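The structure appears below as structure tokens.
What follows draws every value from the coordinates through simple rules; no lab data is involved. Just so it is clear, the model here is predicted, and its values are computed rather than measured. Note that each Cβ is placed from the backbone with ideal geometry, even for glycine, and that neighbours are counted across all protein chains shown.
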Amino acid sequence: MRQRVSIVRIENCEIDKAVRDAVEMAGGLSNLVSRDSKVVVKPNLARLAPSGSGVVTDARVTEAVTKLMLDLNPASLVIAEGTAVGYDDGALSTEHVFDMSGTRAVAQMMGVPCVNLNIDKPVAVEVAQPRSMDRILVAKTILESDVVVSVPVLKTHIRTNATISLKNMYGVLPGAEKRAGHMLGINNSLIDLISVVRPSYTVIDGLVGMEGLWRSPEDARIMQLIVAGSDALATDLVGCALMGLDPGSVFYLSELTSRENEVRGLADIDVVGESIDAHAQRFRPAFDAFMERYGDVRVARGPFFCGGCVAELVTAIRYVHDAGYGERMKGLSIVVGAPEEFEVSGKVAVVGECSETYEGYGPMAPGCPPAEDDVVTALCEACDADPSLVLSLRDENRCSMWESTQDLIGR
Ligand code: SF4
């Protein structure tokens, strides 16, 4: 099925005009929103950062999208978000993020409520063909809406390689459910979530993107674009191309594009307005920036290397190192993504099913994606470290995160 995605360059700081033009060029909204519609505008406010930084959706873009929706006189309209709830890095206050991002100020100006999805009522939804979550708790505000407009930013991501419109939906999990999704493996959990809640429309804030680990302002990439379309997978594929990222390295995009009735790639998308080539940049992947901290560990990557293994590798490397095994990790080689060649020397761990031809070279974490505990165990065995110590320290850390942040996530 062909999809249309528009790319509009923002001229003279006229964000309102760029958003209107982009939506119009992508086919408009009149078929989507009626006077009976309950509409949710869902920016990406996962982090505590100011508008314009590229880390969160620029409040001016949220404002422009919300105004467009108000023009259509829907029955109700809210701006909703539930900010980051990691299982190993605590939780943030969504209320604080609404303030710092400038979102609350523009919402108040338009008379639109801001809804904190982390403390919204959780409603259980069955997943027809689950990968990791057979039942997902989703915020009631989202399930009771007719239209969810995703307004993400263009960013690399430490656990999924890219976060654009579909990953932005992770915010609709009420707080503790985000933590559960992380623990069960964020890539599979995200695919389960997308199977029950998908954006009705996407307007990407492409003013400023974020590469690497989102250090601000060093990792900011000026783009000055608005991207719009009704199919979130199509807008995500265009977004990846604008960031210079291979969608094959993003596990959930790879999975979706392999399915029938989905766009398979850019060849199935009519890009209107500006061309991708005129604006594509090469964002530095988050994993590359992360591995700079572990210069004594070598990662031998192959062509299948993707976010499914990245998510579990980053936490496993960190846990083993932080358990006091930094010295023993020196000289460790990790084989992942089925490299065509690999020069064997010293300590080797093999991660992920696609590298199974290297199974005999060292301890292996099977699975696609592999389970975090198995990756920790493989790395420990390769370094002569104690996996039970690493895993027990990890669990202690998680418990203390739970204790210290549960007031922010409703339960
Ligand atoms: S096993 Fe290979 S394809 Fe599967 S998640 Fe890991 S790198 Fe990706």
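Placing +1 on each Lys and Arg Cβ and -1 on each Asp and Glu Cβ, with no other charges, gives segment 295-406 a dipole about its Cα centre of roughly 300 debye. The distance linking segment 237-306 with segment 93-119 is 31 Å (Cα centroid to Cα centroid, whole angstrom).
Placing a pseudo-label 7 Å from each Cα along the Cα-to-Cβ vector at Met110 and Tyr361 gives an inter-label distance of 5.2 nm. Of the two radii for segment 105-211, the radius of gyration is 0.97 times the Kirkwood radius, both from the alpha carbons; that is the Rg over Rh value. The angle between the Cα long axis of helix 307-320 and the longest principal axis of the Cα atoms of the chain comes to about 50 degrees, rounded to the nearest 10. For the chain, the longest principal axis of the Cα atoms and the long axis of helix 175-184 meet at an angle of about 40 degrees. Does anything in segment 145-174 have its amide N under 20 Å from the 7 Å Cα→Cβ label point of Arg9, and if so which residues? Correct set: 154. Its convex hull of Cα atoms gives segment 295-406 a direction-averaged projected area, equal to a quarter of the hull surface, of 7.0 nm². Bridging of Lys42 to lysines at a Cα separation below 24 Å is possible for Lys17, Lys67, Lys121, Lys140, Lys155, Lys167, Lys178, once same-chain residues fewer than 8 apart are set aside.
The ranking of Met291, Met223, Met329, Met109 from fewest to most other beta carbons within 10 Å of each one's beta carbon is Met109, Met291, Met329, Met223. Residues whose amide H lies under 5 Å from that of Leu77, counting only those 5 or more places away or on a different chain, are Val39; hydrogens are built 1.01 Å from N in the peptide plane. Roughly what % of Cα-Cα distances in segment 3-279 sit above 25 Å, to the whole percent? Of the Cα pairs, 39 percent sit more than 25 Å apart.
Taking the Kirkwood radius as the inverse of the mean 1/r across Cα pairs, report the Rg/Rh of segment 70-167.
Rg divided by Rh gives 0.98.
Between Val208, Val40, Val344, the Gaussian network model of the chain with springs among Cα atoms under 10 angstrom shows the greatest mean-square fluctuation at Val344. Once backbone amide H atoms are built at 1.01 Å from N, Asp120 has Gly175 as its partners under 5 Å, excluding neighbours fewer than 5 places away on the same chain. Computed FRET efficiency, Cβ-Cβ of Glu218 and Leu72, R0 41 Å: what is it to the nearest 0.05? For Glu218 and Leu72, the calculated efficiency is 0.55. Here the relative contact order of the chain, from alpha carbon pairs under 8 Å that lie six or more residues apart, stands at 18 percent.
Given charges of +1 on the Cβ of Lys and Arg and -1 on the Cβ of Asp and Glu, with all other atoms neutral, how large is the dipole of segment 184-327 about its Cα centre, in debye to the nearest 20?
Values: 11 positive and 21 negative charges, 45 e Å.
Value, rounded to 20: 220 debye.
Secondary-structure-derived ellipticity at 222 nm for the chain, considering helices only, amounts to -10000 deg cm²/dmol, per-run term -39500 (n - 2.57) for DSSP H runs with n ≥ 4.
Applying 1/(1 + (r/R0)^6) with r as the Cβ-Cβ distance of Glu24 and Asp134 and R0 = 41 angstrom yields a FRET efficiency of 0.50. Amide H contacts of Val271 (H built 1.01 Å from N, in plane; Pro and chain starts excluded): Val5 sit under 5 Å, all sequence-distant by 5 or more or on other chains.
Helix 59-71 and the longest principal axis of the C-alpha atoms of the chain enclose an angle of approximately 40°. Answer with one residue from Ile409, Ser189, Gly307: the one whose Cα lies farthest towards the positive end of the charge dipole of the chain, charges on Cβ with Lys, Arg +1 and Asp, Glu -1. Of the candidates, Ile409 comes out farthest on the positive side.
For the pair Gln406 and Asp296, what calculated FRET efficiency results from E = 1/(1 + (r/R0)^6), where r is the Cβ-Cβ distance and R0 = 45 Å, to the nearest 0.05? Mind dumping the intermediate values first?
Details: r = 37 Å, r/R0 = 0.82.
The value I calculate is 0.75.
Under the combined filter of DSSP loop state and at most 14 neighbouring Cβ atoms within 10 Å, segment 1-94 retains these trypsin sites (Lys or Arg not before Pro): Arg2, Arg35. The phi-based Karplus calculation (6.51 cos²θ - 1.76 cosθ + 1.60; θ = phi - 60°) puts the 3J(HN,Hα) values of segment 27-36 at x, x, 10, 4, 6, 9, 10, 10, 5, 8 Hz, whole numbers, x for Gly and Pro.
Could you give the C-alpha radius of gyration of segment 13-97 expressed as a fraction of 2.2 N^0.38 Å, taking N as the number of residues it contains?
1.25
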